[in-house]
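Notes follow the structure.
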Amino acid sequence: MAERRLSKAEYDRLVSHPRRRYRSLSVAEDGWALRDRVPAPTFWFERNDIGGKPNGTYWRRPYIPVVSLVIDGWTAVLFYFTGKRLDSCTFAYNLTPAKLGIAVQVMRKAGLARYTRAAAEWAFKEVPAYNRAALRPALRSLLRSLAPRGKHL
């Protein structure tokens, strides 16, 4: 494969694209191969109870953790807890419409589909201006698909 120059936009798109995962790597004198693709998307959960501000104040609050649903290395959904109770949740504000669709599929796969509406409603209200034009139409479409029959947004 020949080397090719990339624009900044091409580079950003390629490095942010989820990569395929494999179970094994075989290496021989004449080459190598990745085998046994891991079913995609691969996801996991991370807990975070620390925070900080630019003014130099930092904290750890184990009684109000945030649990992130991470898909192939990118944060998709944030679940906010107070003690052991789920307080709220939201889709990450920097998602693309395609990644939002993947996040919804993973939530179903993980048994969290009942939180999809709440996450979409919160994100729809709070998505920052930098991604509003891209994400709000996808969120609106998702909310319409989740609306009970006869009820429209």
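The values are calculated or read from the model by the stated rules, or taken from the named source; none is laboratory data. Since we're looking at a predicted model, the values are computed, not measured. Neighbour counts run over all protein chains shown; Cβ positions are idealised from the backbone, glycine included. Side chains included, ligands, DNA and RNA excluded: accessible areas come from the protein's heavy atoms. Shrake-Rupley method; radii C 1.70, N 1.55, O 1.52, S 1.80 Å.
Remarks
- Take the conditions (1) at positive phi; (2) open to solvent by less than 70 Å² (accessible area, probe 1.4 Å); Ser24 misses just one of them, which is (1).
- Cβ-Cβ distances below 7 Å connect the following pairs, each with a first residue in the range 72-92 that is under 18 Å from Ile50 (Cα atoms), a second residue that is among the hydroxyl-bearing types (Ser, Thr, Tyr) and surrounded by 20 or more Cβ atoms within 10 Å (Cβ to Cβ), and a separation of six or more residues or different chains: Leu78/Thr90.
- Residue list for the range 117-138, restricted to those being touching a helix residue (DSSP H, G or I) at 6+ places or on another chain (Cβ under 9 Å), of a type outside the set (Phe, Trp, Tyr) and farther than 17 Å from Val70 by Cβ: Arg117, Ala120, Glu121, Val127, Ala134, Leu135, Arg136, Pro137, Ala138
- For the range 4-13, the condition holds for no residue, the condition being that it is modelled with pLDDT of 85 or more, touching an Asp or Glu at 6+ places or on another chain (Cβ under 7 Å) and on the phi < 0 side of the Ramachandran plot.
- Flag if Asp36 is farther than 30 Å from Ser145 by Cα and at pLDDT below 90: yes
- Each residue in the range 41-93 was checked for being crowded, with 16+ Cβ neighbours inside 10 Å, part of a loop (DSSP other than H, G, I, E, B) and of a type in the set (A, V, I, L, M, F, W, C), and 1 of them qualify.
- Filter result for Asp36 (open to solvent by 60 Å² or more (accessible area, probe 1.4 Å), free of Cβ contacts under 8 Å to residues at least 40 places away in the same chain and among the acidic types (Asp, Glu)): yes
- Of all residues in the range 106-135, those satisfying the criterion of being over 17 Å from Ala147 (Cα atoms) and open to solvent by 50 Å² or more (accessible area, probe 1.4 Å) are Lys109, Glu126, Ala129, Tyr130, Arg132, Ala133.
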